[in-house]
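Every number here is computed from the coordinates shown, using simple stated rules; none is lab data. Not measured: the values here are computed from a predicted model. Cβ sites come from the backbone with ideal geometry, for glycine too, and all protein chains shown count toward neighbours.
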Amino acid sequence: MLRERFASGGAILTSLCFFTLPALQAQAPAGDCEGARAQISSLQSKIEVDKRAIRSLGFEQRSEDIEDWEKLSGEARAKFMSDTFDMLLASAQVGVKTAGTLNPPSANRAISRLRAAGINVQPLNDAIRKLAATPGKTPKAADINDFLDGISKGKDSISLANTGGDSQSRLEALSTVLGWFQTSPSIAVLAADLQFTTSSIYNNATRRVSQNQIEQLTRLNETNLKSLKRLSDQLRTDVGALNAAKQVATSCSENLAATTEQTFAGNWIFHETGELVVISGHAGSYRMQLNGIYWSLQGSESNVQAKKQLNGAEVHAIHPELPSDVASNAAGLPAVLAMTLAPDGQTITVALVVPGVGWSPRTRQATMGAPATLTGTLTRVSKPQ
């Protein structure tokens, strides 16, 4: 749930989610404040239901990745979509349709689809026509290779230096045509909606798309993939509603500045996730739970710190991409949490220092990387009791 501030030498890091909130009114009526806080709790529960439904399909999707995807520029999205297309193309090497399912009219439709998107690569056009020229016969291996090579040339013709929208639409067209020529239903569905596929495997912590997750997607059947798309749309809607409620709750806290004493104690909203965090204690000694981890903090009026060794469940809370058994094997990792209270007492800067953690699917053992500092912000929503 915290934002990664520097690279971790190749280790896989998970960020504690970061959201860009829609612009709302700077002030909110008192009734809206209470309603927003109630809505935050309700939406957090609903989002967890969405996530569980997605996990039941054999896939993992994080709300922070969805929100970060939404705020990417068109050029950045095109870059990640390009990476996803490369992964789909690699998976498609053995799944090109036999000529019995193709014919000249379908070849013409594919070529027209590409040309409409601004892709007119003659070797690809020729390869498509070759595959469809002899209905009912198995295509030659050379013709299949020519088709895949033509797809690669078509992709190379797309300049990511163009406006992000142009690059995205061309990649989507090329991916759609790749899907038309696939015997694998899962790859056909994934290729048909390249933006959905990319947003599903995008990881905002590592700033890349995940090869492991694309492999998970290709193992899903067609029915489950369609269910995943529906659930992902619902999750995206609920995350957006949570963001709006957080914005209202944040604006409410501005009215507390003049009357709130300088203390860490009180109720706070973790800006990056909308999680309600209750900090108890006084005089430099405080307790709280953040992201499912309990912390006992000591320090001064404006700076407190906690050190602990993480158990397996806590390792998994910080690194949810790790399988549970791998996280358990990594128990004992040291973690340092530091918090600084702003002069007006309304915000707390949170910094968590943890080792980077990766894992080997073959040995199912965790591997340690360089330390990383992950940061976030708590915003006060009520006075200390």
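Descriptive notes on the structure:
- Zone residues, segment 342-360, relative to GLU301, backbone N less than 12 Å from point 7 Å out along Cα-to-Cβ: 343-345
- What you get for segment 242-385, charging only the Cβ of Lys and Arg (+1) and of Asp and Glu (-1), is a dipole of about 280 debye around the Cα centre.
- Between ARG207 and LYS229, the FRET efficiency from the beta-carbon distance, with R0 = 22 Å, is close to 0.40.
- Longest to shortest principal axis, alpha-carbon extents of segment 340-381, angstrom: 51, 20, 7
- Between ALA241 and ALA313, the distance separating the two model label sites (each 7 Å from Cα on the Cα→Cβ line) works out to 2.9 nm.
- Temperature 25 °C, viscosity 0.890 mPa s: under these conditions the Stokes-Einstein estimate for segment 193-251, based on its Kirkwood radius over C-alpha pairs, is 187 µm² per second.
- Calculated P(r) of segment 259-350 - Cα pairs past 24 Å, %: 25
- When the listed pairs LYS130/LYS153; LYS46/LYS308; LYS51/LYS308; LYS130/LYS229; LYS71/LYS153; LYS71/LYS226 are checked against a 23 Å cut-off, the alpha-carbon distance exceeds it for LYS46/LYS308; LYS51/LYS308; LYS130/LYS229; LYS71/LYS153; LYS71/LYS226.
- If R0 is 41 Å, the Cβ-Cβ spacing of SER157 and THR134 corresponds to a FRET efficiency of close to 0.90.
- FRET efficiency for the pair GLU34 and GLU70, taken as 1/(1 + (r/R0)^6) with r the Cβ-Cβ distance and R0 = 35 Å, rounds to 0.80.
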